[in-house]
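Q: Before anything else, here's the structure in question.
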Amino acid sequence: MSMIFCLLGPYKPTDDSKLKFYGFFKQVRVGPCNTKQPGVLSPFERAKWGAWDKLGQMSKEEAMAGYVTEFKKVKAEAEAAKK
């Protein structure tokens, strides 16, 4: 997220956007989710796992495109917040 800070100033993306970035990243780097869901005592890891698992069998190319689309959305929100 530091790259977003550098490019967009002090804008803070929502937790939902951060989870989407994480899911797309894992889908590109690893492929479909291949781990067990973390336990209820690990809510942060569970949320990250859910963002990745939700992408199902999405291809690497689709995940890359999704990452770019999400970045453009965050960029637009940051620019709107500057006004």
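Q: Yes or no: the stretch 29-49 includes at least one residue that is in a helix (DSSP H, G or I), closer than 18 Å to Ala65 by Cα, at pLDDT 95 or above and over 10 Å from the mean Cα position of the chain (by Cα).
A: Step one: list which residues in the stretch 29-49 are in a helix (DSSP H, G or I), which gives 29, 43-49.
Subset that is closer than 18 Å to Ala65 by Cα: 29.
Now restrict to residues that are at pLDDT 95 or above: 29.
Subsequent filtering for residues that are over 10 Å from the mean Cα position of the chain (by Cα) retains 29.
The answer is yes; a qualifying residue exists.
Q: Name the pairs: first residue in the stretch 4-18 and under 14 Å from Lys73 (Cα atoms), second residue assigned to a loop (DSSP other than H, G, I, E, B) and modelled with pLDDT of 75 or more, Cβ to Cβ under 7 Å, at least 6 apart or on different chains?
A: Cβ pairs passing all conditions: Ile4/Pro13.
Q: Sticking with this one: Looking only at the stretch 51-79, how many residues end up being crowded, with 16+ Cβ neighbours inside 10 Å, part of a helix (DSSP H, G or I) and in contact with a helix residue (DSSP H, G or I) (Cβ under 7 Å, 6 or more places away or on another chain)?
A: Within the stretch 51-79, residues that are crowded, with 16+ Cβ neighbours inside 10 Å, part of a helix (DSSP H, G or I) and in contact with a helix residue (DSSP H, G or I) (Cβ under 7 Å, 6 or more places away or on another chain) number 8.
Q: Collect the residues in the stretch 63-80 that are of a type in the set (Gly, Ala, Ser), touching a residue at least 24 places away in the same chain (Cβ under 8 Å) and over 17 Å from Asp53 (Cα atoms), keeping them in residue-number order. Lay out the reasoning, then the answer.
A: Taking the stretch 63-80 first, the residues of a type in the set (Gly, Ala, Ser) are 63, 65-66, 76, 78, 80.
Of the ones still in play, those that are also touching a residue at least 24 places away in the same chain (Cβ under 8 Å) are 63, 66, 78.
Ala78 - this is the single residue of the stretch 63-80 that is of a type in the set (Gly, Ala, Ser), touching a residue at least 24 places away in the same chain (Cβ under 8 Å) and over 17 Å from Asp53 (Cα atoms).
The values are calculated or read from the model by the stated rules, or taken from the named source; none is laboratory data. Just so you know, these numbers come straight off a predicted model, no measurement behind them. In this analysis, Cβ positions are derived from the backbone assuming ideal geometry, glycine residues included, and neighbour counts consider all displayed protein chains.
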